[in-house]
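Below is one structure, written out as structure tokens; the observations come after it.
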Amino acid sequence: MKKHRAFILSLAAGIALASSAYAQTELTVYTAFEAVDLQRFAEAFNKDHPDIKVNWVRDSTGVMTAKLLAEKNNPKADIVWGIAATSLLILKNEGMLEPYTPKDVDKLDPRFVDKDRPTSWIGLDAYVAAVCFNTVEAEKLGLKPPASWRDLTKPEYKGHVVMPNPASSGTGFLDVSSWLQMFGEKGGWDYMDALHENIANYTHSGSKPCKMAGAGEIPIGVSFEFPASQVKSAGAPVDIIFPEEGSGWESEAVAIMAGTVNMDAAKTLMDWTLTPNAMEALNKSFAVVALPGIAKPVEHIPADLEKKMIKNDLEWAANNRKAILEEWSKRYDSKSESKG
């Protein structure tokens, strides 16, 4: 009996030891990446780090930013991965991020890196404003393709343009903040006043306007380059237009939340973010990534996309975000789609 009991205890200990060897640390990761991409990103990470399980919590940029700020005193996320750099700059100013400089950070394009050392956030990629123009629907309406942002204010486009709401969409916010930078404060608001006359509605998703254009629901959707490429690759009669004044852009970024109990795993994910494997996974969705020399051409996106990106002051956009959104909502929120 004693030998039998000893054998059982030994077997149980062995099973426990084996289980612990395969135990995974679980990271709660807040993100605004498109849901269709998340499994691919997790699989790429787990090829290199199978001992860490990523649990995604996903919503649009504006919603995730508000959620993180609401959880300031009781954070739920270990790390954010794929949320706008302007949002992370706000969290940085609130003391919510854990400064950490990843390995090889000096290899990145400096536009995508926090200026402080140690760094509080690192950019992953750029998503770049683009206009999706449905040629079939436009022909029915007698519309010519716009060449510039200012063209979208022409009377013939009245009711035929959809763009994202900047309060809920990072794409919408990059549009608004870039117009204010390109045209100046007064000129930017004057431009948006004129554009508003032509807007059918403001969506709560950055990719939705292009999907609507692709489906023929609207002839013109202001979106960004990746959903534009997807819609066109799927066979929709869509031209992808990068306006002649230049395109605003934003960087989806990564940062560790202060107070996480999974600091080592969070640092591992942040270090991995800078590797060629991570950047190659990102390049399947984004034509511009933070590590030079990695990006390969994305179908239907011009190879010189980086040249179309405006000089963008992310810190200015972050510092003025609250005031910009308050003014925008006061002027234009009446045309926003229902959140229900």
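None of the figures in this text is laboratory data; all of them are computed from the coordinates on show. Since this is a predicted model, take the numbers as computed values, not measurements. Please note: Cβ atoms are built from the backbone with ideal geometry, for glycine as well, and neighbour counts cover all protein chains shown.
Some observations on this one:
- For segment 15-163, the equivalent ellipsoid derived from the alpha-carbon gyration tensor has semi-axes of 39, 20, 16 Å in decreasing order.
- Label-point separation in nm, E337 to E280, each point 7 Å along Cα→Cβ: 3.6
- The helix-based estimate of mean residue ellipticity at 222 nm for the chain, built from -39,500 (n - 2.57) per DSSP H run of four or more residues and divided by its residue count, is -12500 deg cm²/dmol to the nearest 500.
- Estimated FRET transfer efficiency when R0 is 30 angstrom, pair T101-V36 (beta carbons, to 0.05): 0.40
- The modelled label-to-label distance for the pair K322/K296, using points 7 Å beyond Cα in the direction of Cβ, is 4.6 nm.
- Cross-link pairs K72/K311; K308/K330; K144/K208; K208/K322 - those with Cα-Cα distance over 26 Å: K72/K311; K308/K330
- Average 1/r across all pairs of distinct alpha carbons in segment 177-246, invert it, and you get the Kirkwood radius: 13.2 Å.
- Once Rg and the Kirkwood radius are both taken over the C-alpha atoms of the chain, their ratio Rg/Rh works out to 1.06.
- Projected area, mean over directions - segment 92-198, Cα convex hull, nm²: 9.3
- In this Cβ point-charge picture (+1 for Lys and Arg, -1 for Asp and Glu), the chain has a dipole of about 1040 debye about its Cα centre.
- Kyte-Doolittle mean at least 0.0 and Cα axial length at least 24 Å: DSSP H helices in the chain: 2-21
- Projecting label points 7 angstrom from Cα along Cα→Cβ for E43 and E185 puts them 4.9 nm apart.
- Label-reachable residues, segment 312-340, where backbone N falls under 15 Å from a point 7 Å from E245's Cα toward its Cβ: 312
- Qualifying trypsin sites (Lys or Arg not before Pro) for segment 253-340 [loop in DSSP, other Cβ within 10 Å: at most 15]: K284, K311, K339
- Tail weight of P(r) past 18 Å, computed on alpha-carbon pairs of segment 246-340, percent: 66
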